[in-house]
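In what follows, a structure is listed as structure tokens, so that the remarks can point back to it.
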Amino acid sequence: MYSRIYSLHEDIKDKKSIILLMDEADLSYHPKWQQKFMKSLVNFFNEFYNEKHVQIIVATHSPIMLSDALKGNVVFLNNTLANNLENTFCANIYDLYREGMFLEKDDWGIIGSYASDKLKYVMEKLNNWEKEHKLDHLEEMKRLINCIGEPIIKRIMQNRIAMIERNMEGGHTNSMMSSLIERLNELQPEQLDEVMERIKRK
């Protein structure tokens, strides 16, 4: 790319201004190269075309590239959604993914659709746990939750599992107590007195 731009040096030596149009300039670049792209490009023009007025117009889908541009210099294809962004320059790339790239908020906005569907499935199962109350579902949910890489989402779901398990333990205790009371009620008065005496001695 730089060789191509430099090869035009002689052709444009009499020009005072340069407009460089780049469509998907970062395409196929590793994120680390995307981080360096704009700085490298500006430095290149400052070194070889410093006597000219240069305007660079870049089309991109990269939030990393977007974080190198002032919002006033950015044209969004959906201005309504982009208005949620206070600025693009030095912005968090995850915010730029969600807002700058118009990812749907009801689709988690930060993960792939397949993973998003799995999260919705887990949440639905956890929310309907009281109705279904199936232990195999709970173990399945635990396995899926353990695979989640995003720590906040993972913690929320683990807390929900822990709450369900606490409720299950409480339900088990209540069931035992009810059974014990029923058995005590079946005893004759003298048998009940004997049981009470044993409890006192212990």
(request) Could you run through the stretch 128-151 and say how many residues are part of a helix (DSSP H, G or I) and at pLDDT below 80? (result) 8
(request) State which residue is farthest from Met141 (Cα to Cα) when the search covers only the stretch 88-116 and only residues that are modelled with pLDDT of 70 or more and exposed (fewer than 13 other Cβ atoms within 10 Å of the Cβ). (result) Cys90
(request) Residue by residue through the stretch 1-50, note down the ones that are at negative phi and among the acidic types (Asp, Glu). (result) Glu10, Asp11, Asp14, Asp23, Asp26, Glu47
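Considering only helices (runs of 4 or more DSSP H) fully contained in the stretch 1-94, which possess at least 2 residues that are more than 30 Å from the chain's Cα centre (by Cα) and more than 28 Å from Gly112 (Cα to Cα)? Walk me through how you get there before you give the answer.
Numbers: elements: 2-7, 31-48, 63-66, 79-82.
So the answer is 2-7, 31-48.
The values are calculated or read from the model by the stated rules, or taken from the named source; none is laboratory data. Source: prediction; values computed, not measured. As a convention, Cβ positions derive from the backbone with ideal geometry for all residues, glycine included, and neighbour counts pool all protein chains shown.
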